[in-house]
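Just below is one structure, and these are the notes that go with it.
The values are calculated or read from the model by the stated rules, or taken from the named source; none is laboratory data. All of these numbers come straight from a predicted model, not from anything done at the bench. Ideal geometry is used to build each Cβ from the backbone, glycine not excepted, and the neighbour counts take in all protein chains shown. For the accessible areas, the whole protein counts, side chains as well, though only heavy atoms, and no ligand, DNA or RNA atoms are used. Shrake-Rupley method; radii C 1.70, N 1.55, O 1.52, S 1.80 Å.
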Amino acid sequence: MGLDAENSPHFQERRAKGAIIVKDLPKLDLESYISNYNGFARSARLLHIATLSPYLAYEALHLAITEAHDRGRNVDLYQRLVALLAKIAPTDPLATLDKDWIERTQRELKAEGDKLEHELKSYKNNMIKESIRMGNEDLGHYYEACGDYGGAAKAYGRMREHCTSPKHLADMTLRLIYVTIAQQSWTAVSSQLIKLDLVQLKGEERAKVAAIQNACAGLTQLCTGNLAGAASSLIHTSPIFITMPPVAGITWQKDVMSAHDVAVYGGLCALATMDRAELQSKVLGNPDFRNFLELEPHIRRAITLFCKSKYSACLEVLEGYRSDYMLDLYLSKAVTAIYNKIRTKSVVQYFIPFSCVTLEEMASKFQVSGSSGNIEEELEQMISEGVLDARIDLVNRLLVSPLHDPRHSVHSDALSMAQKYEHTLHLRLTRLNLLQAGLTMSFDKSQGGGQQFGT
């Protein structure tokens, strides 16, 4: 089915546009992988996989369409999934819209929406704050079920003035974070995370919310390109995130991102932005993040290999999972940049102890499977960008470290020290001359510390 899908109109269009297509067969088992998610996270990931992978498109769309039709109420999502399947496998029975279901669902949704709007209007007439808050919350749930996350955000936002306790405020803000993540509106997510930090919660509730904050902040920073910030947030996520019960009616580790995602996102971002000492102390030596790394042993293995200076082996481990990460909803856009950063760090760290290395040796160490391009071109780019302090000897085919004359360094330090010493002596002589001439400068405490000059 993979070969047929690859030649389908959908993937031909993507190929013509130069869009990403994951041609390699991923390691993940789709049913096992997608069982980690519920709600919009499940449907969005299935749609993303179907859009990018010819091998998994058919299976992903079957799962997504069946769920949208049998258990969902999002008509727009159902129509979008069926349209995509019609482009990939037009003869499939599921590639035909169930118009009766669409009409029936739309009627039911309209009736329910009108009912909720009428109830909310009556609550407002009665001026009961708690009823108004709950009415807006029900309306937000309704819009969520329809896939109208913008409408849900507006409904939840109207709850703020009617919240009467810190828990109400926290639940409302968490709901807003959830729907803005569904919209992938990362600026709005960051704004709501700041507001959540101001809510006064105590004890266990604060611990749960802090775990959610770190996970969502890390996801937001990853999607906005702040890899260092993402690493810091994710490695500080509390392990209670793995098993905690629903908060604000949301099972965060299934409805947004799983504990496996925290391990993968945090581990990759840490590898891309931290040196070996930081990786050892802040990641491998972090008792909280160790609980997440146990869920993804290959990430822990890659970090351990990097810390042990086994850079080629580290890159081989990561390369084996590139296709899986390209199919991740949030990681796919960042995975190339992350891998390039890790590879660049590996090359720089590997070269530090040597005065020269043959280009053949560099190619054998860093020419991982599936990579394209020339090692010489890669080294040239790193040197021109100032990342690698080296020169390429094309005659002898060597990567050479520039010679640093230690005598020049000693002479420069000695000259700098002599200049500082001379400057200090000039200042002291000037002070002695002023004292000898009877010129003094004193501070009059009675006048608020004003300066007075005299002879």
(message) I need the GluC sites (Glu not before Pro) found in region 277-357, filtered to DSSP loop residues with at most 14 other beta carbons within 10 Å of theirs.
(response) GLU294
(request) Pick out, in residue order, every one of the trypsin sites (Lys or Arg not before Pro) in region 279-352 that is DSSP loop and has at most 12 other C-beta atoms within 10 Å; say none if there are none. (result) LYS308
(request) Project the alpha carbons of region 299-380 onto their principal axes and report the range along each, largest first, in whole Å. (result) 43, 27, 17
(request) Compute the accessible area per residue over the chain, keeping the other protein chains in place, probe 1.4 Å, unit Å². (result) 53
(request) Determine the sum of side-chain charges near ILE352: Lys and Arg each +1, Asp and Glu each -1, restricted to other residues whose C-beta is under 12 angstrom from that of ILE352. (result) 0
(message) Taking a ≥ b ≥ c as the square roots of the Cα gyration tensor eigenvalues, with a/c under 1.5 meaning rounded and otherwise prolate when a/b beats b/c, else oblate, which class fits region 193-253?
(response) prolate
(request) Would you please classify the overall shape of region 249-332 from the alpha carbon gyration tensor, given that a ≥ b ≥ c denote the square roots of the eigenvalues, rounded means a/c under 1.5, and beyond that prolate means a/b larger than b/c while oblate covers the rest? (result) oblate
(request) Search the structure for amide H atoms under 5 Å from the amide H of THR358, placed 1.01 Å from N in the peptide plane, and list their residues when 5 or more places away or on another chain. (result) LEU399
(request) Would you kindly give the portion of the calculated P(r) for region 188-294 that falls above 18 Å, as a percent of all Cα pairs? (result) 46
(message) Just to confirm a number: summing +1 for Lys and Arg and -1 for Asp and Glu over residues other than TYR421 whose beta-carbon lies under 13 angstrom from that of TYR421, what do you get?
(response) 0
(request) Find out how many positive minus negative residues lie around LEU196, taking Lys and Arg as positive, Asp and Glu as negative, among other residues whose Cβ is under 13 Å from that of LEU196. (result) +3
(request) Round to a whole angstrom and tell me the spacing of the C-alpha centers of region 135-158 and region 174-247. (result) 20
(message) Run the helix sum for the chain: -39,500 (n - 2.57) per DSSP H stretch of 4+ residues, divided by residue count, reported at 222 nm to the nearest 500 deg cm²/dmol.
(response) -20500 deg cm²/dmol
(message) Given a 1.4 angstrom probe, I'd like the percentage of the accessible area of the chain that is carbon and sulfur, rounded to a whole number.
(response) 53
(request) Would you please give the residues with an amide H less than 5 Å from that of ILE128, counting only those at least 5 places away or on a separate chain, with H modeled from the backbone geometry? (result) none
(request) Give the span of region 5-97's Cα atoms along each principal axis, as three whole-Å numbers ordered largest to smallest. (result) 35, 30, 20
(request) Could you work out the mean projected area of the convex hull around the alpha carbons of the chain, in square nanometres to one decimal? (result) 36.2
(request) Hydropathy first: keep DSSP H helices in the chain averaging at least -0.5 on Kyte-Doolittle, then drop any whose Cα extent along the axis falls short of 18 Å, and list what survives. (result) 39-52, 57-70, 75-88, 166-183, 203-223, 259-273, 335-351
